[in-house]
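Chemist: For reference, the structure I am asking about is given below.
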Amino acid sequence: MRIQAVLFDMDGTLLDTAKDFYAIVQSMRVQRDLAPLCDESGFRQQVSLGAQAMVAYAFALEASDPELALLRDEFLAIYDLQHAQFTEPFAGVLDVLQRLDDAGLRWGVATNKPLRFAQPIMDALNLSARSAVLLCPDHVENSKPAPDMLLAACEQLQLEPRQVLYVGDDKRDIDAGRAANMRTVAVRYGYILPSDNPSNWGADAVIDTIAELEPLLAAQCGC
């Protein structure tokens with residue numbers, strides 16, 4: 001069965017959102033007369049783990065620290081106001097999306113990022129009108145690694161899961177895709193911990209750059 005559409009995870013796969021997160025924790029540290037965080041690489045590895053993990057890393061806090069919840073709430077409140085200041089597509093993403101458009105293949109986004117953040121980011125980057133679907137935790141009962149949002153995307157696209165390819169930078173993306181009976185691709189360039197290895201996630205393919213998706217699609221859909 002040929003691929004008819006491609007779904008992408010957002011953070012760490014389609015878009016480099018870490019720059020906005022990093023700017024926010026830096027401003028929070030400055031407000032508290034703390035020295036700037038000088039480990040952007042280490043911070044980026046926390047992005048897939050969520051806001052609490054990013055804040056805990058930025059302020060060297062244990063998960064049990066009562067201050068963590070307050071800092072997380074402050075972090076998210078700031079992100080509500082400036083969630084697309086520095087965010088941009090990863091290198092090569094816009095070229096791949098254009099080739100999908102040119103080939104008549106629909107594409108969309110399935111992300112664990114709440115809709116209140118995801119939709120404005122898509123709007124700011126002029127991707128909303130081009131994207132066939134945007135699925136967030138708001139739309140389903142269970143977030144990834146459950147397959148709910150991927151199956152909901154297939155319903156909206158009116159396609160069978162095996163006609164859809166899902167691309168992500170986290171094991172839960174691949175787990176969700178496999179549970180939905182989709183073909184999956186893991187990317188190595190996302191927000192991945194050094195101890196993790198995308199080759200062990202069970203994806204149908206693993207790529208180092210988004211440009212490597214094109215020959216895979218050519219083989220799968222004849223485009």
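Chemist: So which residues in segment 1-54 are acidic (D, E) and in contact with a strand residue (DSSP E or B) (Cβ under 9 Å, 6 or more places away or on another chain)? Please lay out each step first, then the result.
Modeler: Pass one, segment 1-54, residues acidic (D, E): 9, 11, 16, 20, 33, 39-40.
Residues satisfying the conditions are D9, D16.
Chemist: Scan segment 127-150 for residues that are in contact with a helix residue (DSSP H, G or I) (Cβ under 7 Å, 6 or more places away or on another chain) and not in a loop (DSSP other than H, G, I, E, B) and jot them down. Give the steps one after another, and end with the answer.
Modeler: In the first step, residues of segment 127-150 are kept if they are in contact with a helix residue (DSSP H, G or I) (Cβ under 7 Å, 6 or more places away or on another chain); the result is 128, 130-136, 138-147, 149-150.
If the condition is that a residue be in contact with a helix residue (DSSP H, G or I) (Cβ under 7 Å, 6 or more places away or on another chain) and not in a loop (DSSP other than H, G, I, E, B), then L134, L135, D138, H139, M149, L150 are the ones that fit.
Chemist: Quick check: is even one residue across segment 99-122 part of a helix (DSSP H, G or I), acidic (D, E) and free of Cβ contacts under 8 Å to residues at least 12 places away in the same chain?
Modeler: Our first condition is that a residue be part of a helix (DSSP H, G or I); within segment 99-122, this holds for 99-102, 115-122.
Still in the list and also acidic (D, E): 101-102.
If we keep only those that are free of Cβ contacts under 8 Å to residues at least 12 places away in the same chain too, we end up with 102.
Yes, segment 99-122 has at least one match.
Chemist: For segment 161-178, enumerate the residues that are in a helix (DSSP H, G or I) and of a type in the set (A, V, I, L, M). Write out each step before concluding.
Modeler: Step one: of segment 161-178, the residues in a helix (DSSP H, G or I) are 161-163, 171-178.
I174, A176 - these are the residues of segment 161-178 that are in a helix (DSSP H, G or I) and of a type in the set (A, V, I, L, M).
Chemist: Given the options Q52, Q46, name the one that is touching a Lys or Arg at 6+ places or on another chain (Cβ under 6 Å) and among the polar types (S, T, N, Q).
Modeler: Checking each option against the conditions leaves just Q52.
Chemist: Just a yes or no: is a residue in segment 179-194 assigned to a helix (DSSP H, G or I), out of contact with any helix residue (DSSP H, G or I) (no Cβ under 9 Å at 6 or more places or on another chain) and assigned by TED's automatic domain parsing to the domain that holds R99?
Modeler: Taking segment 179-194 as the starting set, the residues that turn out to be assigned to a helix (DSSP H, G or I) are 179.
From the residues that got through so far, the ones that are out of contact with any helix residue (DSSP H, G or I) (no Cβ under 9 Å at 6 or more places or on another chain) too are none.
Looking through segment 179-194, none of the residues is assigned to a helix (DSSP H, G or I), out of contact with any helix residue (DSSP H, G or I) (no Cβ under 9 Å at 6 or more places or on another chain) and assigned by TED's automatic domain parsing to the domain that holds R99.
Chemist: Scan segment 40-51 residue by residue and report those that are farther than 17 Å from T111 by Cα and surrounded by 11 or more Cβ atoms within 10 Å (Cβ to Cβ). Break it down stepwise before answering.
Modeler: Residues of segment 40-51 that are farther than 17 Å from T111 by Cα, as a first pass: 40-45.
Of everything in segment 40-51, those that are farther than 17 Å from T111 by Cα and surrounded by 11 or more Cβ atoms within 10 Å (Cβ to Cβ) turn out to be E40, G42, F43, R44, Q45.
Chemist: For segment 145-171, which positions are under 21 Å from L49 (Cα atoms) and touching a residue at least 40 places away in the same chain (Cβ under 8 Å)? Spell out how you get there, then give the answer.
Modeler: Within segment 145-171, the first condition is being under 21 Å from L49 (Cα atoms), and the residues that meet it are 145-150, 166-171.
If the condition is that a residue be under 21 Å from L49 (Cα atoms) and touching a residue at least 40 places away in the same chain (Cβ under 8 Å), then L150, Y166, V167, G168, D169, D170 are the ones that fit.
Chemist: Of the conditions (1) touching an Asp or Glu at 6+ places or on another chain (Cβ under 8 Å); (2) in a helix (DSSP H, G or I); (3) at pLDDT 95 or above; (4) not assigned by TED's automatic domain parsing to the domain that holds W107, V96 satisfies every one except a single condition; which number is it?
Modeler: V96 satisfies all of (1) touching an Asp or Glu at 6+ places or on another chain (Cβ under 8 Å); (2) in a helix (DSSP H, G or I); (3) at pLDDT 95 or above; (4) not assigned by TED's automatic domain parsing to the domain that holds W107 except (4).
Chemist: Oh, and also: Considering every residue within segment 22-41, establish whether at least one is closer than 19 Å to C136 by Cα and in contact (Cβ under 8 Å) with a residue 24 or more places away in the chain. So that I can check it myself, show each step before the final result.
Modeler: Step one: of segment 22-41, the residues closer than 19 Å to C136 by Cα are none.
Among the residues of segment 22-41, not one is closer than 19 Å to C136 by Cα and in contact (Cβ under 8 Å) with a residue 24 or more places away in the chain, which makes the answer no.
The values are calculated or read from the model by the stated rules, or taken from the named source; none is laboratory data. This structure is a prediction, so every number in the text was calculated from the model and none was measured. Counting neighbours? That spans all protein chains shown, and the Cβs are built from the backbone with ideal geometry, glycine included.
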